[in-house]
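Reading through the structure tokens given below for one structure.
The values are calculated or read from the model by the stated rules, or taken from the named source; none is laboratory data. Note that the coordinates shown come from a computational prediction; the quantities given were computed from them, not determined experimentally. Please note: Cβ atoms are built from the backbone with ideal geometry, for glycine as well, and neighbour counts cover all protein chains shown.
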């Protein structure tokens, strides 16, 4: 416990700001607020620099990609497939998800092998798999598909270990909190779906 408190005390103000914005992003996403993408863009810009400094190159690249996806998500929720509430979105079949799991795993393996051969990156396998699947899960969120939260449950659990092992204790704690917030988001989206169904039935 003393070690955790010591590590938290050493957390830089800039990491603390990124952490707060990341929490705001997920809370806003749970309530399907378009402002979640702005919070994500700023938070990820900060984390990109932090991850590059820690030689987590795939994570740094992921944060840059998140900034781009934040812009895409804003556009989708304003004008595209995410305009309608999550309760009105049609998800993909389990066969589609099985195919995507295979494809994403193959891409992750290739990336990990390339990083091992050509860079001094650390934790390449965890880094690569979390990066690829995080991008995929974020794309699902831009379309307001409930399945994105199921992927995040697994991804965030891995992130808790990855960040804590690299000395980003506060960020590791953030992802532990994410696990709870993901469960909250799942409950919130399902509650809205039930409300929509009840309104349709009564109407």
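Might you let me know whether region 69-89 holds any residue that is modelled with pLDDT of 85 or more, closer than 22 Å to residue 128 by Cα and surrounded by fewer than 19 Cβ atoms within 10 Å (Cβ to Cβ)?
Within region 69-89, not a single residue is modelled with pLDDT of 85 or more, closer than 22 Å to residue 128 by Cα and surrounded by fewer than 19 Cβ atoms within 10 Å (Cβ to Cβ).
How about region 148-178: which of its residues are surrounded by fewer than 18 Cβ atoms within 10 Å (Cβ to Cβ) and assigned to a helix (DSSP H, G or I)? I'd like the intermediate steps shown before the answer.
In the first step, residues of region 148-178 are kept if they are surrounded by fewer than 18 Cβ atoms within 10 Å (Cβ to Cβ); the result is 150, 153-154, 157-158, 161, 165, 167, 176-177.
Listed by number, the residues that qualify are 150, 153, 154, 157, 158, 161, 165, 176, 177.
Conditions tested, residue by residue: (1) in a helix (DSSP H, G or I); (2) within 25 Å of residue 189 (Cα to Cα); (3) under 17 Å from the mean Cα position of the chain (by Cα).
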| site | (1), (2), (3) |
| --- | --- |
| 25 | yes, yes, yes |
| 52 | yes, no, no |
| 98 | yes, yes, no |
| 104 | yes, no, yes |
| 130 | yes, yes, yes |
